[in-house]
Amino acid sequence: MRLFTIGFTKKSAEVFFELLRASGAVRLVDVRLNNSSQLAGFAKREDLAYLLDRVCGMEYAHVLDLAPTAEMLQAYRKHQVPWVEYESQFVDLMMSRRVETIVSRTLLDNSVLLCSEETPEHCHRRLVAEYLASHWEGLRITHLVHPPANDLHEHLK
């Protein structure tokens with residue numbers, strides 16, 4: 001079972017969609033709490049679903065069970081809690097939601113988890129992927145990150 005992750009921040013539409021296309025994934029699973037902000041640009045819910053279909057031939061799904069609560073997200077973004085505490089709270093939330101039993105393996109197999117953070121280090125998409133990998137045997141995680149500009153076309157081959 002393969003699971004990819006990607007963030008859209010600091011990526012052009014070209015880089016974002018080429019990374020998705022090169023992954024070979026069949027679906028993008030949006031794990032953002034808020035996916036309709038004007039600040040999301042090409043990653044706004046309706047635009048993203050349309051572009052995924054037209055540019056990559058991919059499906060789109062929004063799975064709120066894999067998103068943090070509004071209170072958790074707000075506390076972290078306002079620097080009221082450090083990453084380590086946010087990470088612990090989010091893992092506890094996934095455990096209480098029992099996401100490993102309520103989210104379909106079929107939905108996530110050969111899919112890409114989407115969030116806004118540029119890289120996975122401080123993003124809940126990584127936590128989701130790692131949590132599921134600890135519960136689902138054979139889950140392989142690949143983080144799709146922005147390659148250096150001069151390596152883009154080489155990276156996508």
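Of all the numbered requirements in (1) modelled with pLDDT of 95 or more; (2) over 18 Å from F17 (Cβ atoms), N150 misses one, and that requirement is (1).
The set of residues from region 75-128 being among the polar types (S, T, N, Q), within 30 Å of A22 (Cα to Cα) and surrounded by 11 or more Cβ atoms within 10 Å (Cβ to Cβ) comprises N110, S111, S116, T119. Looking at region 17-33, is at least one residue without any contact (Cβ under 8 Å) to a residue 24 or more places away in the chain and surrounded by fewer than 16 Cβ atoms within 10 Å (Cβ to Cβ)? No, that holds for no residue.
With a cut-off of at least 2 residues that are acidic (D, E), name the helices (runs of 4 or more DSSP H) lying wholly within region 48-118.
83-97
Within region 51-66, residues that are surrounded by 13 or more Cβ atoms within 10 Å (Cβ to Cβ) sit with their Cβ atoms under 7 Å from residues that are hydroxyl-bearing (S, T, Y) and in a strand (DSSP E or B), at 6+ positions apart or across chains, in these pairs: L52/Y60.
Listed here are the residues, each with its yes/no results for (1) in contact with a strand residue (DSSP E or B) (Cβ under 9 Å, 6 or more places away or on another chain); (2) under 29 Å from A13 (Cα atoms).
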{"position": "R45", "(1), (2)": "yes, yes"}
{"position": "V55", "(1), (2)": "no, yes"}
{"position": "Y60", "(1), (2)": "yes, yes"}
{"position": "L73", "(1), (2)": "no, yes"}
{"position": "K78", "(1), (2)": "no, yes"}
{"position": "Y86", "(1), (2)": "no, no"}
{"position": "Q89", "(1), (2)": "no, no"}
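From the list R105, R77, R54, exactly one residue is more than 19 Å from E130 (Cβ to Cβ), of a type in the set (K, R) and under 18 Å from the mean Cα position of the chain (by Cα). Which is it?
Of the residues listed, the single one that is more than 19 Å from E130 (Cβ to Cβ), of a type in the set (K, R) and under 18 Å from the mean Cα position of the chain (by Cα) is R77.
Residue count for region 78-113 under the criterion of being at positive phi and basic (K, R): the result is 1.
The values are calculated or read from the model by the stated rules, or taken from the named source; none is laboratory data. Please read these numbers as outputs of a predicted model, since none were measured by experiment. Here the Cβ is made from the backbone with ideal geometry for all residues, glycine too, and neighbour counts use every protein chain on show.
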